[in-house]
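To start, the structure under review is shown below, and the notes come after it.
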Amino acid sequence: MLIDAHNHLQDWRFDGIHERLISEMKSIGITACVVNGTSESDWTSVQTLAEAHPDFIQPAFGLHPWKISERSTDWLGALRSFLEKTPHSSLGECGLDRWIHEPHFEEQMEVFKAQLDLAVELSRPVTIHCLKAWGPLMEILRARKELPAFLLHSFNGSLEIARELTAMGAYFSFSGHFLHERKNLPREVFKNLPSDRVLVETDAPDMLPPESAVSFPLGEYNHPANLARISEELIGVTQITQKQLVKNTQTFFKFPE
């Protein structure tokens, strides 16, 4: 039994091959996945996939920091509507990113805070993207009186940050990209995380793992069925059992056991 804690099956790069991908995912023991929206332009696609595969796909709707310049004046109302129409959905992917120069970082923070507020109001878990913005992220989280359940997807922060986030209740997901030889630091951090806070993800079609962890080649794209090999490698790194990884994902996303 395997669960992909974070992917983007709705991505245009998977157009026309969704059914094949899902069939191949199921063939190697993946029983569920969380499909993350990134903007108003793909929320409907996420919802459509989830409705077509209700026992396999758990939808997530969020405004990614890379996409905030595309938002409408009523983006937050639209996000609320998608979340309310699907009570089992989570909020994601949202967050902060200083790797990109646009959109303006002040706008990113405003949009991120609004999504945290909505998650608290609707009692939804949140999947957070953070890249080169750990200081501002921690300031925002420390300042809040109430936090939703939150997951740092593809977590690549320091162990010091991880320990403070753990005390706040955070969960952390490991992606296959961290299996590249140059990514030793994230692997060391995950070795030291509490075993009940670790999840595993593909972030497909992105975060392609090294060739040794690619069991389903898809050219330059990451196939979500690579999750099995990624999970095996993560277990080897952390000694966390597959059963624990699944339980952590079920707990965070409130999956039926």
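What distance in nm separates the simple spin-label points at E139 and D55, each placed 7 Å from Cα in the Cβ direction?
Label-label distance for E139 and D55, simple model: 4.9 nm.
In percent, what relative contact order does the chain have, based on Cα pairs under 8 Å that are 6 or more apart in sequence? Please list the in-between numbers first.
Working: 462 pairs, mean separation 48.6, N = 257.
Normalised by residue count, the contact order of the chain is 19 percent.
Determine, from the Cβ-Cβ distance of Q239 and S72 and an R0 of 41 Å, the FRET efficiency 1/(1 + (r/R0)^6), rounded to the nearest 0.05. Spell out each step's value before the answer.
Details: r = 47 Å, r/R0 = 1.14.
E(calc), rounded to 0.05, equals 0.30.
Using alpha carbon centroids, what distance separates segment 200-215 and segment 99-133, in Å?
Using only Cα atoms to place each centre, the spacing works out to 25 Å.
Quick one: Karplus J couplings for segment 159-169, per residue in order, coefficients 6.51, -1.76, 1.60, θ = phi - 60°, nearest Hz, x for Gly and Pro?
Working through the residues one at a time gives 5, 4, 5, 4, 5, 5, 5, 4, 5, 7, x Hz.
What order do R80, R98 take when sorted by accessible area (1.4 Å probe), most exposed first?
Values: R80 75, R98 120 Å².
Solvent-accessible surface, decreasing: R98, R80.
To the nearest 10 Å², what's S195's accessible area with a 1.4 Å probe?
The value for S195 is about 60 Å².
What are the ³J(HN,Hα) couplings of segment 223-240, residue after residue, when phi is run through the Karplus curve with 6.51, -1.76, 1.60 and θ = phi - 60°? Round to Hz, x for glycine and proline.
7, x, 6, 5, 4, 4, 5, 4, 4, 4, 5, 4, 4, x, 6, 9, 6, 6
Non-local amide H neighbours of F150 (under 5 Å, H modeled in plane, Pro and chain starts lacking H): which ones?
Answer set, sorted by chain and number: V126, Y171.
List, in order, the whole-Hz ³J(HN,Hα) value for each residue of segment 181-190 obtained from phi through the Karplus relation with A = 6.51, B = -1.76, C = 1.60 and θ = phi - 60°; use x for Gly and Pro.
Running phi through 6.51 cos²θ - 1.76 cosθ + 1.60 with θ = phi - 60° gives 3, 6, 9, 5, 4, x, 4, 5, 4, 5 Hz.
Once the piece of chain linking E102 and I28 is laid out straight, how much longer is it, given 0.36 nm per residue of separation minus the C-alpha distance between them?
Working: separation 74, 0.36 × 74 = 26.64 nm, distance 3.94 nm.
Once the chain is fully extended between E102 and I28, it gains 22.7 nm.
Can you list the lysines whose alpha carbon is less than 28 Å from that of K26, not counting same-chain residues fewer than 8 positions off?
K85, K243, K247, K254
So what is the relative contact order of segment 44-92, in percent, for Cα pairs below 8 Å that sit 6 or more residues apart? Walk me through the intermediate numbers first.
Details: 33 pairs, mean separation 21.2, N = 49.
That works out to 43 percent.
Taking the Cα centre of segment 1-94 as the origin, how large is its charge dipole in debye, to the nearest 20, when only Lys and Arg (+1) and Asp and Glu (-1) carry charge on their Cβ atoms?
Details: 7 positive and 13 negative charges, 21 e Å.
The dipole of segment 1-94 has a size of about 100 debye.
Heavy atoms only, 1.4 Å probe, whole protein assembly: order W134, W99 by accessible area, highest first. Provide the component values of the computation, followed by the final result.
Details: W134 35, W99 145 Å².
Greatest to least solvent exposure: W99, W134.
Please list the non-local residues whose amide H lies under 5 Å from the amide H of A32, H modeled 1.01 Å from N, same-chain partners needing a gap of 5 or more.
Excluding prolines and chain starts, which carry no amide H, the hits are L2, D4.
State to the nearest 20 debye the size of the charge dipole of the chain about its Cα centre, where the only charges are +1 on K and R beta carbons and -1 on D and E beta carbons. Walk me through the intermediate numbers first.
Details: 24 positive and 35 negative charges, 150 e Å.
The calculation lands at about 720 debye.
Could you calculate the FRET efficiency of S158 with S81 from 1/(1 + (r/R0)^6), where r is the beta carbon distance between them and R0 is 45 Å, rounded to 0.05? Intermediate results must be reported in sequence, preceding the final value.
Numbers: r = 38 Å, r/R0 = 0.84.
Here the calculated transfer efficiency is 0.75.
The values are calculated or read from the model by the stated rules, or taken from the named source; none is laboratory data. No experiment lies behind these values; they were computed from the predicted model shown. Don't worry about glycine lacking a Cβ; one is built from the backbone with ideal geometry, like all the others, and counts go over all protein chains shown. To get the accessible areas, we keep the full protein, side chains included, count just its heavy atoms, and leave off ligands, DNA and RNA. Shrake-Rupley method; radii C 1.70, N 1.55, O 1.52, S 1.80 Å.
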